[in-house]
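Here is the structure we will look at, set down as structure tokens.
The values are calculated or read from the model by the stated rules, or taken from the named source; none is laboratory data. All figures in this text were calculated on a predicted structure; none of them were measured in a lab. Note that each Cβ is placed from the backbone with ideal geometry, even for glycine, and that neighbours are counted across all protein chains shown. Ligands, DNA and RNA are excluded from the accessible area calculation, which covers all protein heavy atoms including side chains. Shrake-Rupley method; radii C 1.70, N 1.55, O 1.52, S 1.80 Å.
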Amino acid sequence: MLNKIPKILPPDLVKIMMQMGHGDELVIGDGNFPCDAMGTRVVRMDGHGVPEILDAILELMPLDPYVEQPTALMSVVPGDDYGQPAVWQTYQEILHRHGHDIPSEMVERFAFYDRARKAFVCVASSEVQQYANIILKKGIVK
């Protein structure tokens with residue numbers, strides 16, 4: 001074990017985050033997100049929700065300051081009577097605590113899947129809230 005690494009982060013995810021370069025993307029998928037079908041590395045974090053995983057990752061990984069929106073959310077599918085997911089407000093609060101006050105980019109469902117297929121890693125959670133998927137673009141360490 002090491003100091004200051006959030007205890008919920010598994011060692012393989014910390015290693016993968018270290019291997020990521022500037023501009024690489026990390027997906028945190030909710031319990032319905034098909035991480036294993038994306039064709040990229042998958043780290044399972046069963047038993048954890050996306051908000052706690054997001055908070056832990058942001059303790060270690062900076063977001064890209066050189067892009068307009070370093071985070072992206074999957075848009076609610078048109079015609080889906082779900083409304084705006086409450087979890088999105090939770091994400092904004094977590095991002096704010098970590099010094100990021102830029103609204104997340106909204107990405108259509110299938111475009112989100114396409115982007116996830118190109119991601120460096122997909123973290124599979126047990127999140128039960130719908131539309132809780134988020135993409136993080138890694139920044140630079142100063």
Can you spot a residue in region 92-106 that is among the basic types (Lys, Arg) and more than 21 Å from residue 140 (Cβ to Cβ)? no
Looking at (1) touching a Phe, Trp or Tyr at 6+ places or on another chain (Cβ under 8 Å); (2) surrounded by fewer than 17 Cβ atoms within 10 Å (Cβ to Cβ), which one does residue 25 not meet, given that it meets all the others? (2)
Which pairs have Cβ atoms under 9 Å, sit 6 or more apart or on different chains, and link a residue in region 39-54 that is without any contact (Cβ under 8 Å) to a residue 24 or more places away in the chain to one that is open to solvent by 70 Å² or more (accessible area, probe 1.4 Å)? none
Going through 62, 70, 10 one at a time, which residue ends up being surrounded by fewer than 20 Cβ atoms within 10 Å (Cβ to Cβ), touching a strand residue (DSSP E or B) at 6+ places or on another chain (Cβ under 9 Å) and closer than 21 Å to residue 118 by Cβ? 62
Does any residue in region 77-102 that is farther than 19 Å from residue 59 by Cα come within less than 6 Å, Cβ to Cβ, of a residue that is open to solvent by 80 Å² or more (accessible area, probe 1.4 Å) and of a type in the set (Lys, Arg) six or more places away or on a different chain, and which pairs are these? 77/109
